[in-house]
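Asks: So that we are looking at the same thing, I have put the structure below in structure tokens.
The values are calculated or read from the model by the stated rules, or taken from the named source; none is laboratory data. Just so you know, these numbers come straight off a predicted model, no measurement behind them. As a convention, Cβ positions derive from the backbone with ideal geometry for all residues, glycine included, and neighbour counts pool all protein chains shown.
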Amino acid sequence: MDHSEKKIEIQKRLFYEIKKNLPAHQALVDKVSEVLDVSSDSAYRRISCVKPLNIIETYSLCKHFNISFDTLVNVRNTRQSDYFYRPLDVSKPNDYQSYVMNMSKILEKLKISDGSLLMSVVDIPVFHMIYQKELTFFKLYAWTHSVYNYEGRFDEFMKEIATPELAGYYQKIIKDFELIPSTELWTENTINTTLSLISYYTDICKFSDKEFPLLLCEQLLNILGKLQNWAEKGNKGDDATSFQLYLSEIEIENTFILMRQSEVRNCAVKLFTINNLHVSDKDFCMETEKYLTKLTQRALPLCGSSEKERIKFFNTQREKVRFLMEKIQKSF
């Protein structure tokens, strides 16, 4: 492949990546015209590769659509272009704010395109955690302490990271999540990671007083209460968007968040405490969907008429939280 052919291949790949994640109601030519501030005819000439993109135009499109240029120049059959991971240093507020902004954009696209979510849940998903500000910040604190050696206490960290901008993004994520149909597969141990973290940071004296870990436990109970309410109704939010909850009687290997839009599939695989590996590889997403669908078919439904199983599950989870609260009360 000569130099000019390679440039055309990269340009084709860029517009493929843009179109793949563009909401169904938006025309590619209109969006490219808007971003590059050119006429529709000029945009079409670039999309069809009649006119090559210059470096500024390539940069503008990559930046606007959050596409890494590395994904365009890698050899396709290595599949490197289908995976994306962004290191997340929460001690740098701009890093975390960019992370949350990106999450908000992904959900907004999913909502606009009438997409849906299918999740296996080894740890409580951020979409539920984010309703409880202090509990969300605590998971961030645990990540920053363990990976980036943050030495302060939780209340000090919370004062440093909390901003009005973050609160706004959290609310946007909550609103969009409540408008996206979702199916979740939990286990008896899904809340255990969060409980263990609260217990551990209490034991090593990272809370200034017992009110903080007790508040986190109360917020965990709030999450369980909201989840149970949604499961009873089989829907969520003011618009009664479809919500399905299942209990897996076998352990799940990982938290997979499959985002489905028409024929397009994207997947986030949970890594560590809060971060994700994003995968758009078609074969991987297809296999993940088959895996999650099979797990769901074998799982116990907790929605609607499954009252006995639902009550038993949530009572068991609440008992675990209250047991930890009693331990915390005695430790201070």
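Asks: When segment 141-178 is examined, which residues are found to be part of a loop (DSSP other than H, G, I, E, B) and surrounded by fewer than 18 Cβ atoms within 10 Å (Cβ to Cβ)?
Replies: 149, 151, 152, 153, 162, 163
Asks: If you check residue 222 against the conditions, is it part of a strand (DSSP E or B), in contact with a helix residue (DSSP H, G or I) (Cβ under 9 Å, 6 or more places away or on another chain) and within 19 Å of residue 121 (Cβ to Cβ)?
Replies: no
Asks: Can we say residue 159 is under 30 Å from residue 293 (Cβ atoms) and of a type outside the set (Asp, Glu)?
Replies: Against the criterion (under 30 Å from residue 293 (Cβ atoms) and of a type outside the set (Asp, Glu)), residue 159 does not qualify.
Asks: Same structure, new question: State which residue is farthest from the chain's Cα centre (by Cα) when the search covers only segment 17-54 and only residues that are closer than 17 Å to residue 67 by Cβ and modelled with pLDDT under 85.
Replies: Only one residue tops the list, namely 26.
Asks: How many of the residues in segment 107-147 are touching a Ser or Thr at 6+ places or on another chain (Cβ under 9 Å) and more than 21 Å from residue 168 (Cβ to Cβ)?
Replies: Matching residues across segment 107-147 total 17.
Asks: If you don't mind, another one. Of the residues 104, 146, 113, only one is touching a strand residue (DSSP E or B) at 6+ places or on another chain (Cβ under 7 Å), in the same structural domain as residue 194 (by TED's automatic domain parsing) and not basic (Lys, Arg); which?
Replies: Being touching a strand residue (DSSP E or B) at 6+ places or on another chain (Cβ under 7 Å), in the same structural domain as residue 194 (by TED's automatic domain parsing) and not basic (Lys, Arg) holds for just one of 104, 146, 113, which is 113.
Residue-by-condition table, conditions (1) at pLDDT 85 or above; (2) of a type in the set (D, E, K, R); (3) under 20 Å from residue 149 (Cα atoms):
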{"position": "82", "(1), (2), (3)": "no, yes, no"}
{"position": "86", "(1), (2), (3)": "no, yes, yes"}
{"position": "92", "(1), (2), (3)": "no, yes, yes"}
{"position": "95", "(1), (2), (3)": "no, yes, yes"}
{"position": "100", "(1), (2), (3)": "yes, no, no"}
{"position": "106", "(1), (2), (3)": "yes, no, no"}
{"position": "109", "(1), (2), (3)": "yes, yes, no"}
{"position": "112", "(1), (2), (3)": "yes, no, no"}
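Asks: Looking only at segment 22-51, which residues are over 23 Å from residue 264 (Cα atoms), surrounded by 14 or more Cβ atoms within 10 Å (Cβ to Cβ) and out of contact with any helix residue (DSSP H, G or I) (no Cβ under 6 Å at 6 or more places or on another chain)?
Replies: Across segment 22-51, the qualifying residues are 38, 42, 45, 46.
Asks: Restricting attention to segment 179-209, which residues are crowded, with 21+ Cβ neighbours inside 10 Å, in a loop (DSSP other than H, G, I, E, B) and more than 20 Å from the chain's Cα centre (by Cα)?
Replies: If the condition is that a residue be crowded, with 21+ Cβ neighbours inside 10 Å, in a loop (DSSP other than H, G, I, E, B) and more than 20 Å from the chain's Cα centre (by Cα), then 206, 207 are the ones that fit.
Asks: If we scan segment 228-241, do we find a residue that is out of contact with any Ser or Thr (no Cβ under 8 Å at 6 or more places or on another chain) and at positive phi?
Replies: Checked against the condition, which is being out of contact with any Ser or Thr (no Cβ under 8 Å at 6 or more places or on another chain) and at positive phi, segment 228-241 yields at least one hit.
Asks: On to the next question. Could we say that residue 13 is among the charged types (D, E, K, R), within 26 Å of residue 106 (Cα to Cα) and not assigned by TED's automatic domain parsing to the domain that holds residue 266 here?
Replies: yes
Asks: Here is a further query. Of the residues 280, 182, which single one is at pLDDT 90 or above, within 26 Å of residue 294 (Cα to Cα) and small (Gly, Ala, Ser)?
Replies: 182
Asks: Oh, and also: Which number in (1) within 21 Å of residue 250 (Cβ to Cβ); (2) at pLDDT below 95 marks the one condition that residue 313 misses?
Replies: With respect to (1) within 21 Å of residue 250 (Cβ to Cβ); (2) at pLDDT below 95, residue 313 is out only on (2).
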